[in-house]
Amino acid sequence: MGGGASKNSGNPGGNEENLEHAGGQLYVSLQMDCIKHNRELVPHVYGSVPLIGLWDPSKALAMEREATSRWEISFVVPPNHETLEFKFLLKPKHSGVPCIIEEGSNRLLTGGALQGDARSASFRFTERDETLEYRVYINADRVSPVDLAASWRAYQENRQPSVVRGIPDVSINPIDTTCLENASAASLELELEHYEVPPPASCANSGTYYAANTTETPRSLRNGGNFSSSSNVNITKSFMSKALRMNVADDSIISEGSEALPPDLEEMQAASGVESKSVGTHLSLHKQDSPRGFYVDRGVSSSPRLNRSGSSLKKAFPAASGAVAAAAVADHMHGPKEDGQLAIVLVGLPARGKTFTAAKLTRYLRWLGHETKHFNVGKYRRLKLGLNQSAEFFRPDNQEGVDARNEVAALAMEDMIAWMQEGGQVGIFDATNSTRKRRNMLMKMAEGRCKIIFLETICNDEAILERNILLKIQQSPDYADVTDFEAGVRDFKTRLANYEKVYEPVEEGSYIKMIDMVSGQGGQIQVNNISGYLPGRIVFFLVNTHLTPRPILLTRHGESRDNVRGRIGGDAVLSEAGELYAKRLANFVNKRLKSERTASIWTSTLQRTILTASHIVGFPKIQWRALDEIYAGVCDGMTYEEIKKNMPEEYEARKNDKLRYRYPRGESYLDVIQRLEPVTVELERQRAPVVVIAHQAILRALYAYFADRPLEEVPHIEIPLHTIIEIQMGVTGLQEKRYKLMD
Ligand code: F6P
């Protein structure tokens with residue numbers, strides 16, 4: 001077959017010259033496509049030049065799949081081949097033989113021009129008496145060797161990782177065993193303790209942290225109110241009355257015995273005097289075109305309403321920049337369909353990590369600038385009905401208990417909706433909501449007021465459940481007065497069984513189901529009927545988050561020469577003190593993470609952080625552009641004194657609103673938070689320890705995220721030099737330690 005080699009004209013040397021004169025090498029690109037392509041066969045090409053096998057099918061070049069039914073290959077024919085002869089063949093994917101060679105004569109490319117007809121490639125399968133046709137596209141361009149070399153160089157360069165002064169984005173210093181100290185674990189402990197300093201009083205150390213305790217307090221209890229037994233009755237009735245007036249208590253609620261409404265609702269409500277104010281407020285708003293109450297027309301124009309100042313407007317837009325701000329404005333302009341008010345309604349049996357997930361999501365959304373609140377129905381129940389409700393209370397056939405639980409759920413939902421109508425954006429409604437009936441009630445209450453997404457947490461891992469149950473007995477105020485731990489566990493397990501009897505997983509509406517995702521190892525997330533900016537971000541966050549504890553070490557770079565001069569920004573190297581810190585930090589990291597199987601070191605792309613990490617050995621180091629210090633724009637490199645003297649208005653503006661102030665041509669803290677979002681999500685996703693070596697503003701923003709500090713505080717958080725802040729995230733909340741290695 002095709003016995004002839006490539007055709008060179010009489011004098012090969014002269015021919016090469018001619019071809020080079022004519023413009024150099026031939027860049028050949030071949031494509032084949034066939035809808036009926038057999039997946040087991042790979043298209044190849046072979047022919048007259050060594051590169052494509054010199055007519056040896058075993059040396060044929062495999063084509064690459066470009067699309068489902070399209071294959072392609074490109075190669076360069078050396079200049080001494082005036083005529084290239086070739087053919088296509090199909091080879092079995094795994095063995096390479098036997099192969100099927102296309103029918104017909106060899107294809108010829110002479111000096112880049114195709115000879116003969118442009119024909120398709122037909123392959124005959126004799127056994128099946130079948131012919132398969134492939135469409136063929138052939139292109140040949142002359143390229144000068146110089147261009148070719150240049151494009152190859154560019155290709156190679158693009159393949160190189162980016163570097164900062166020769167240090168690639170991902171690098172690792174090998175361990176020099178002579179540097180490592182042979183200290184025992186005990187003495188290391190002692191040494192670390194030696195550097196420990198107390199965190200500032202405002203820090204987030206959680207102690208006996210129980211996530212539900214930090215959630216919203218019922219409105220009626222604010223300003224010194226209380227759930228006295230008489231007001232309890234009134235609140236219930238008030239809620240039910242409201243449900244009626246809101247047109248949300250449809251037949252399903254009224255007819256279901258436990259939630260039947262008393263006939264004298266109005267009277268009771270009038271008598272109660274409790275909560276009626278908030279009802280009035282949100283009912284009247286509901287009647288208006290705008291559920292948020294500040295928006296009259298929804299036209300898309302640069303109408304002054306977008307510039308209106310006033311508290312309601314301020315509240316309606318999140319304290320955010322970049323993507324979050326753009327999404328908020330778009331949602332307002334799109335009108336009700338994309339309305340900003342979103343209720344994330346948790347669903348799941350007890351001890352499934354609902355409250356922790358809700359707390360995490362609240363923290364994340366708040367940090368991004370979305371007005372978010374966490375409403376925990378358990379807290380409402382405890383405040384209204386007291387602690388010490390035994391498992392009996394949760395029996396599905398205990399009508400009184402069912403009524404009471406529905407009542408507090410409705411009360412919390414009512415508060416949440418009222419808060420949204422005052423400008424709140426995302427309400428996280430945390431309860432079991434484990435029956436369809438309960439969820440229907442919530443959906444009815446939300447109708448026309450906010451969009452509901454159910455977030456169901458399912459956990460089938462017995463070990464995790466056991467752990468969660470033990471934590472519950474240790475931490476939940478429900479068991480605060482139970483002195484017999486075992487009795488507490490038994491009671492809680494009976495409560496769980498009571499819930500299981502009537503549990504109905506979510507199958508309705510918009511929902512996100514997290515199945516066995518607590519550990520961060522595998523699991524599943526199911527999403528139904530979810531769209532829009534914020535729901536999308538929430539899903540992305542939930543996919544990446546888990547509750548496996550691991551330390552995160554935050555530190556600023558060692559002192560830089562600009563720090564010494566008082567200059568902001570820049571890309572200075574370390575001062576002598578900074579160098580010393582870099583060495584001490586390496587020693588510290590080595591000791592602190594000695595027992596960890598793996599860990600990674602993250603720096604910015606600025607020299608001072610890379611140099612600070614330079615002595616750390618044995619762990620991969622990753623440079624993040626997103627970790628670079630806040631960019632001071634035209635003020636970069638100046639001292640605060642210089643800014644005050646030369647740009648007094650800028651200085652004052654920053655002093656007045658440091659969170660939102662954006663340096664001319666630079667960034668604000670809100671900008672920084674936006675660019676740090678991928679870093680935060682990646683930190684959430686990591687299961688091994690991470691050491692983050694970054695800068696003051698960056699660490700303020702990251703610390704605020706983990707410590708759940710309000711945005712307004714971010715620019716003022718204390719992040720001293722030469723100090724390591726170790727935070728440990730887990731189901732028991734955030735634990736913080738600080739180590740001061742030097743002044
Ligand atoms: O001064 C060190 C520094 O990291 C500067 O580079 C940066 O502009 C500044 O801190 C950020 O802190 P602040 O927001 O308080 O100015």
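The values are calculated or read from the model by the stated rules, or taken from the named source; none is laboratory data. Everything numeric in this text was worked out from a predicted model, so none of it was measured. Positions of Cβ are backbone-derived with ideal geometry, glycine not excepted, and every protein chain shown enters the neighbour counts.
Okay, residues lined up against (1) surrounded by fewer than 19 Cβ atoms within 10 Å (Cβ to Cβ); (2) β-branched (Val, Ile, Thr); (3) touching a Pro at 6+ places or on another chain (Cβ under 8 Å):
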| residue | (1), (2), (3) |
| --- | --- |
| Pro505 | yes, no, no |
| Val518 | no, yes, no |
| Ala572 | no, no, no |
| Phe588 | no, no, no |
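For beta carbons closer than 6 Å, sequence separation of 6+ or different chains, a first residue in the range 355-366 that is among the aromatic types (Phe, Trp, Tyr) and a second that is assigned to a helix (DSSP H, G or I), the qualifying pairs are Phe356/Ala211; Tyr364/Phe541. Would you confirm, using the coordinates I've provided, whether Tyr533 is farther than 13 Å from Thr357 by Cα and under 16 Å from the mean Cα position of the chain (by Cα)? Yes, satisfied. Only one of the numbered conditions (1) assigned to a helix (DSSP H, G or I); (2) under 28 Å from Thr548 (Cβ atoms); (3) in contact with a Lys or Arg (Cβ under 8 Å, 6 or more places away or on another chain) is violated by Arg467, and that is (3).
Considering only the range 106-115, I want to know if a residue exists there that is within 53 Å of the chain's Cα centre (by Cα), assigned to a loop (DSSP other than H, G, I, E, B) and touching a residue at least 40 places away in the same chain (Cβ under 8 Å). Yes, the range 106-115 contains at least one residue that is within 53 Å of the chain's Cα centre (by Cα), assigned to a loop (DSSP other than H, G, I, E, B) and touching a residue at least 40 places away in the same chain (Cβ under 8 Å). Are any of the residues in the range 566-584 touching a helix residue (DSSP H, G or I) at 6+ places or on another chain (Cβ under 7 Å), at pLDDT 95 or above, aliphatic (A, V, I, L, M) and away from the ligand (no atom under 16 Å from the Cβ)? Yes, the range 566-584 contains a residue that is touching a helix residue (DSSP H, G or I) at 6+ places or on another chain (Cβ under 7 Å), at pLDDT 95 or above, aliphatic (A, V, I, L, M) and away from the ligand (no atom under 16 Å from the Cβ). Taken as a whole, the range 387-396 holds no residue that is within 20 Å of Thr214 (Cα to Cα), surrounded by 18 or more Cβ atoms within 10 Å (Cβ to Cβ) and touching a residue at least 12 places away in the same chain (Cβ under 8 Å). For the range 591-630, a residue qualifies if it is over 22 Å from the mean Cα position of the chain (by Cα), among the charged types (D, E, K, R) and not in a loop (DSSP other than H, G, I, E, B), and the qualifying residues are Lys591, Arg592, Arg608. One residue alone among Glu72, Glu66 is within 18 Å of Asp141 (Cα to Cα) and either not hydroxyl-bearing (Ser, Thr, Tyr) or not in a loop (DSSP other than H, G, I, E, B) (or both), and that residue is Glu72. A search for C-beta distances below 6 Å between a residue of the range 557-581 that is at positive phi and any residue that is within 12 Å of the ligand (Cβ to nearest atom), counting only pairs 6+ apart in sequence or on different chains, returns Gly566/Thr639; Gly569/Ala632; Gly569/Asp636; Gly569/Gly637; Gly570/Asp562; Gly570/Gly637. Checking each residue in the range 704-729 for being in a strand (DSSP E or B) and more than 21 Å from Tyr195 (Cβ to Cβ) picks out only Met729. Out of Glu157, Glu181, Glu103, one residue alone is of a type outside the set (A, V, I, L, M, F, W, C) and at pLDDT 85 or above. It is Glu103. For the range 700-743, enumerate the residues that are at pLDDT below 90, polar (S, T, N, Q) and in contact with a Leu (Cβ under 8 Å, 6 or more places away or on another chain). Passing the criteria: Gln728, Thr732.
When the range 585-627 is filtered for residues that are at pLDDT 95 or above and acidic (Asp, Glu), nothing remains. Among residues of the range 540-565 being away from the ligand (no atom under 16 Å from the Cβ), part of a helix (DSSP H, G or I) and of a type outside the set (S, T, N, Q), the one that is surrounded by the fewest Cβ atoms within 10 Å (Cβ to Cβ) is Phe540. When the range 418-444 is filtered for residues that are closer than 15 Å to Arg219 by Cβ and more than 27 Å from the chain's Cα centre (by Cα), the ones remaining, listed by number, are Ala418, Gln421, Glu422.
If you go through the range 587-605 and pick out every residue that is more than 16 Å from the ligand (Cβ to nearest atom) and either β-branched (Val, Ile, Thr) or without any contact (Cβ under 8 Å) to a residue 12 or more places away in the chain (or both), you end up with 3. Of all residues in the range 606-634, those satisfying the criterion of being of a type in the set (S, T, N, Q) and either away from the ligand (no atom under 14 Å from the Cβ) or on the phi > 0 side of the Ramachandran plot (or both) are Ser614, Gln623. Contact annotation: no residue pair with Cβ atoms under 6 Å, 6 or more positions apart or on different chains, pairs a residue in the range 638-659 that is more than 14 Å from the ligand (Cβ to nearest atom) with a partner that is assigned to a loop (DSSP other than H, G, I, E, B) and at pLDDT 95 or above.
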